[in-house]
Every structure is written in structure tokens, then in C-alpha cells.
Amino acid sequence: MSIKFYLSEWFYNMGIVGFLRILKFNNVDESKYTTKENYFEIEDELLDNFAEYYFNYFFAINDDRERFKRRINEATGLIENYDKPSESFDQKASAENISKAIKNVYDYFKKYENSVKNTSYVDEYNDLLNSIKEMNRIIKKDTSIETLEEAKSILNNLLDFVSIEEIRKKRAANITRSNLSDFFGQASFLNPSFAGAYAQDFIEKMHRDYVQPVREKYNQDASKKYKSKTIYNCSLCSRETSGNYHFDEAMFSPIGLSLTENNNFLWNEVTKLPICEECRILLMCTPVGCTPLEKYRSTIDGIEYYTEYTFVNLDTDIKSLFKINENFRQRSSSSNPYRELIFDIVTQMEQKALWTLQSIFFVEFQTDKKSTYLHYFNIAPFKAKFFIDKQVHYLLGRIKPHQFQMDIMEYILTDRDLYLLISDELRNYLKKAEGKRGDRRVIVGDPVSCFNAVCLRHLLNGYKRRQKKVSTKIINDAFEYGKELNRYYVATDSANKINSIGYKMLNAVKVGDKEEFLDNLIRTCMSIQKPIPDFFLNVLTEQRADFKDIALAFICGFTALPVDVASKEKVSNEEV
Ligand SMILES: [Zn+2]
């Protein structure tokens, strides 16, 4: 018998991606499952080992031994270098440093307490814990060769202990348990009352709770199936089901929680949503389908770290859905996986890229014990056209520093006005450049990057207004003219005036005062007897470009240090 899972809502698709990842991770024979355009199909016998596949995956990604080993190595390294003349001053080992490193090991070893509980290793663990604690006390006073040797041997024993296959797996199981509770509340093996002693217990528990109900369903004689019972239909896939299970936060809390809180806005106020045995397993794979991103935000108490999960939904076909999420995950350690992912798509064949971008849909969510924050965004058709424009690719790649570039992508994807970012960046630049003009060795900030961002803003707005081809000629002209005036100011030893003029102009743009901006421009030109090019009249009419774009482009050119300008590679002229 085979079981099919069709592309559906985003979290369902996330389950499909997760399921596939688990199978691929375990090198499961590919004849046992297939991906068709709109569904994913498995042979039911594949489920016999599914719980094992599931935990194999998590035991591998949550293996804590390497992290522990790094702490051990740090401590043994310090011990070995003790009293030896060290090349690097900072790394000079001292008794205090050794004691700190040992304390670190002790703290980390304590985290294993839960993973040892109820196993036959309890006594051994407690002995080791005591010996490392005792060693930390002794070494503060006594750093004789004998003590140092003993410390090393205790550290080695600890490493041996956490390398015991069962301890290693149990620890991984516990980390997994804590991660998964973000998704499933206290379901099955996540319930605190489940005191699984060994990793195998987790596998068996999952098998019993999730796999067996499906196996039983398929082993039943079709004629006897649900004979005495009402038949329900799964609210996710419409498959027939016994009605034993309902969709709730234990199935998938990011959605389940909002169900309890929002009275089932998804399914018209129905209080109980039947769910089939097959979909229960699929939903267990959702954490594997998404990509965790470590993020931080500043709060009153300082910086707070949190995990945000991202899923890239695509309803074209399963292969593309899987591929795009693999791609996203591979880039998750980069500082801007979104930008890189979109570039990847953009470099595909133009027409295909356009389709993909138009059907892509990002879901970001965070969960804590009480609530879920969901955030969705997709790429509007005009934005898809914008992204496949070659100039955009070029300009985005030439924005520094990385954080600025990342913010720009984020603003574009979330429909915020780039102007805010650009003017802030320019202001910061002017602040830092204060008093440093003329000193060629000091390169601070980068108005050229700001100018590239202005071009992006101009292109984006053009596509938004449904223009087929957007030209940046006028923006380039304004920038070039700014550079020309800048050179003149520098040549006539008036470079010190550049900043204050730049500030004035930025302020005029900020309050949207076109006349004030032009007034400043006219005076600047007059003081050095330069004409004002006609295209600046567009500031008033805004026919060829937005006032902000022309003004910012000019300010970027005018305030850039000659060094910056020289390093700018000109955008190709084809676009003109
Ligand atoms: Zn179902």
C-alpha cells in the first residue's frame, strides 16, 4: 500500500519537506518513495523503521560531544602550556585560567545530569562530577606537576564518559526534546511524565504513538474497517479516519496555538478538527522541514537571542519545493540567506525565475511557551520583475558594508521605504567624515553604496508603476554632477564646506522641501560659477524620477571622498 501526501497549506508542505529530508538523511532506498509534481508518496512498509530514521536524524544534528570536547581541549591545552613561555601573550596559561576552564567543563558536564538519570551510569557520573569539582578546588592552590597530570586524566575520563554511545544519544534525545517542544507542546515523548531512560525508549515511544496507528489502519481488512464507528474525514487531507485524533497544539503548535486563541479562524469556527493517522506523522516532520535562524534583538535588559524558523513555500511542484528549502538551509549560516536565495533563483532562466519568484512565499515564525509569532511575505509580480533585472543584481552586490546590504534586502522584501535606510547611512557617514576631509588615508562610510541603493529605490519604484524598462540615467547624471562639484570644492581648498552643505540638503529632503534643496543647490553652484543642469527641474515635476532619488543621488556624489569615487565601478551604460 502506498500513502500520498499532496501539496497543501504551508505547514503541510513543511512536513513534506521534513519527511523527505529524514529519508534522504538515512539513505532510504529510493524505490520506497517518490515525489510527483503535486504529491509525495511512500510505501507504508517504510514506516516500520520511521521512528528510527526520525531519531537518527535528530541524534546526529544534536550530538553534543563535539561541543563538550572543545571545552575539554581548552582546559587540557592550558594545562599543557602552563609555565611554558608562550608566543602569544594573551594565551599565557595561569592557574586562574586553568581553574576557569575547568569550571567551564564542570558546568557543561552538569548539563548531562538529566541524560544520565534512570540509567545504569548514575554512580559513575556522580563520581566524575565530584572529582572534577574537587579538582577545580585543588588546582587553585596547587599546580604541581602531579596535580596537573591528575587534572588531565580526569578530563580524559569525562570525555570518555560523554562518548559512551548511549549517553551521547540520550543527551541528543534530550536536546531534541527541548527543541521539539517549540513545535509540539507536550506530545508523546515530549511529555515530562515520559521518563525514557535510553535513546531506544524514544524511538519505541514514537513508534507506538505515531507509526502503529497507521500500520494498524493499513493492516485492517478493508471490509472491517471502522465497522462499528462513524467515519470522519481528515481536516487536512480529507482522507478517511477513525476520528481518534484532533488537530491541536500538540500536533503543530505554531498553528495549533493560534487555533485555540482565535477560535479556528482557518476552519470556520469548528471546535474539533479530525486529523488522520498519516497526517499526524507528517506533522511530526515539520521541524525538519524549516530552517532555524539565530537572531537577536535589543531589549531594555540588553541583547536577547532567539530562534526564528523560516520556511520557503512554493506550490509549483515537490522537487522545486524541496530544492529551494535545501538551498535556503545551506545558506542559513550566511548573513542574508534571503538575498542569496533570491539571487540563486534570479540566475536561473529568466522566465522560470519569474515564475518561481511570483509563487514563492516565505513564512517566519517564533514560538515560546505561550504564543507564536507568525510572519508571512511573498514577492509581488512587480518585485519579481525588479529582481530579474540584471542591474539590480549588479547594484545589490556592490553595497557595503554587509549589514547595510542585508538591511536593504530586508526593506525591499518587506515593502519598507529604502529612503529611510539611505538617509540614515548618509547621515552617519557625514558624522564620521567630519573633520577628516582631505585625509585620504581615512575611508569612512560609503556614499557610493548609498548611491547604489538610491538606484535600487528608483528601479523598484519604476517597476511598481508598471514601467516595462526602468532607466537610471537621470540618477546617474545627478550623481556625476555631485562628483564634479565635489572635485571642484576639493581643488579649491573648500572641502571643509562639503559636510555642512550635505547636511543642509539631507534635511531639506527629509522634510520634503524641494525649494530648500534647490536653493542650496543653486547657491552651491553659483559660489563656484557652475551652471545648473536642466535635469534638476525634475525635482519639481518629478516626471523622470522621484525628488528624493535625484536629491540623494546628488548628495551621494557630492559628499563621497575622491577615494570612494575612484573605486566606484560605473553601472553599465546599456540601461540608458
Ligand atoms: Zn490527513
Review point. With no solvent and one point on each alpha carbon, what is the Debye value of log10 I(q)/I(0) for region 386-575 at q = 0.08, 0.11 Å⁻¹?
Key: -0.23, -0.44
Exercise for review: Give me the number: length gained by fully extending VAL122 to ASP424, i.e. 0.36 nm times residue separation minus the C-alpha to C-alpha distance, one decimal in nm.
Suggested key: 102.9 nm
Check your understanding: Projected area of region 95-237, taken from the Cα convex hull and averaged over every viewing direction, in nm²?
Key -> 12.3 nm²
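Please report, in whole Å³, the volume per residue of the convex hull around the C-alpha atoms of the chain.
Numbers: hull volume 122.1 nm³, N = 576.
Spelled out: Cα convex hull of the chain, divided by residues, is 212 Å³.
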Practice item. With θ set to phi - 60°, apply the Karplus curve 6.51 cos²θ - 1.76 cosθ + 1.60 along region 173-180 and write out the HN-Hα couplings as whole Hz, x wherever there is a Gly or Pro. Key: 4, 5, 5, 4, 4, 5, 5, 6
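Where nothing but the Cβ of Lys and Arg (+1) and of Asp and Glu (-1) is charged, how large is the charge dipole of region 386-575 around its Cα centre, in debye to the nearest 20? List each step's numbers first, then the result.
Working: 30 positive and 26 negative charges, 49 e Å.
Dipole size: approximately 240 debye.
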Exercise for review: Would you grab the residues whose amide H sits under 5 Å from the one on ASN378? Only those 5+ places off in sequence or on another chain, please, with H modelled 1.01 Å from N.
Suggested key: PHE362
Review point. Label ARG65 and SER153 with points 7 Å out from Cα along Cα→Cβ: what is the distance between them in nm?
Key: 2.4 nm
Point to revise | Furthest towards positive pole of dipole, TYR419, VAL116, ALA187, structure part the chain, Cβ charges | key: TYR419
Check your understanding: What is the Cα centroid distance between region 15-54 and region 321-343, reported in whole angstrom?
Key -> 23 Å
Study note, to complete from the structure: Neighbours of LYS140 by Cβ distance under 14 Å: Lys/Arg at +1, Asp/Glu at -1, summed charge +2
Practice item. Wrap a convex hull around the Cα atoms of region 441-547, take a quarter of its surface area, and give that in square nanometres. Key: 7.4 nm²
Check your understanding: Residues with amide H under 5 Å of LEU236's amide H, sequence separation 5 or more or different chain, H placed in the peptide plane at 1.01 Å from N; which?
Key -> CYS276
Exercise for review: Just the number, please: Stokes-Einstein D of region 106-169 in µm²/s, Kirkwood Rh from C-alpha pairs, 4 °C, 1.567 mPa s.
Suggested key: 105 µm²/s
Point to revise | Point-to-point label distance, GLU516-ASP301, nm (Cα→Cβ direction, 7 Å offset) | key: 4.2 nm
Review point. Which FRET efficiency value, to the nearest 0.05, do you get for ARG416 and ALA197 by plugging their Cβ-Cβ distance into 1/(1 + (r/R0)^6) with R0 = 56 Å?
Key: 0.60
Practice item. Just subtract the alpha-carbon distance of ASN56 and GLU326 from 0.36 nm times their residue separation and send over the number in nm, one decimal. Key: 95.3 nm
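Taking 0.36 nm per intervening residue step and subtracting the Cα-Cα distance, what contour gain separates PHE382 from THR541 on full extension? Intermediate values should be presented prior to the final figure.
Numbers: separation 159, 0.36 × 159 = 57.24 nm, distance 2.43 nm.
Between PHE382 and THR541, full extension yields an extra 54.8 nm.
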**Study point:** region 502-564 versus region 111-128: alpha-carbon centroid distance in Å
**Key:** 71 Å
Revision key, fill the gap. Scoring only Lys, Arg, Asp and Glu (+1, +1, -1, -1) among other residues with Cβ under 15 Å from the Cβ of ILE275 yields -3
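Given the rule -39500 (n - 2.57) for each run of at least 4 DSSP H residues, summed and divided by the residues of the chain, what is its mean residue ellipticity at 222 nm, to the nearest 500 deg cm²/dmol? Working shown, then result.
Values: 27 runs with 323 residues, N = 576.
Using -39500 (n - 2.57) per qualifying helix, the result is -17500 deg cm²/dmol.
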Point to revise | Whole-Hz ³J(HN,Hα) from phi, Karplus 6.51 cos²θ - 1.76 cosθ + 1.60, for region 310-316, glycine and proline x | key: 10, 10, 9, 8, 8, 9, 6
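Under the √(5λ) rule applied to the eigenvalues of the Cα gyration tensor, what semi-axes describe the equivalent ellipsoid of region 290-378? Give them in Å, descending. Before the final figure, lay out each step's value.
On the way: eigenvalues 155, 40, 22 Å².
Semi-axes (√(5λ), whole Å): 28, 14, 11.
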Exercise for review: Would you mind calculating the relative contact order of region 299-422 from Cα pairs under 8 angstrom and at least 6 residues apart, reporting the percent as a whole number?
Suggested key: 22 percent
Check your understanding: In vacuo Debye scattering of region 1-229, one point per C-alpha: log10 I(q)/I(0) at q = 0.08, 0.13, 0.15, 0.18 Å⁻¹?
Key -> -0.46, -0.86, -1.01, -1.26
Revision key, fill the gap. Cα-Cα pairs in region 326-409 separated by more than 19 Å, as a whole percent of all pairs, come to 45 percent
Practice item. Measure nothing but the geometry: give the 0 to 90° angle between the long axis through the Cα atoms of 547-559 and the longest principal axis through the Cα atoms of the chain, rounded to 10°. Key: 80 degrees
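Relative contact order of the chain: what whole-number percent is it, with Cα pairs under 8 angstrom and at least 6 residues apart?
Details: 767 pairs, mean separation 69.5, N = 576.
Normalised by residue count, the contact order of the chain is 12 percent.
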Point to revise | ARG487 versus ASN233: modelled label distance in nm, points set 7 Å from Cα along the beta carbon direction | key: 7.4 nm
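Read the figures in this text as sums done on the coordinates, not as results from a lab. Remember, predicted model here, so these are calculated numbers, not experimental data. All Cβ positions, even for glycine, are placed from backbone atoms using ideal geometry, and neighbour counts span all protein chains on display.
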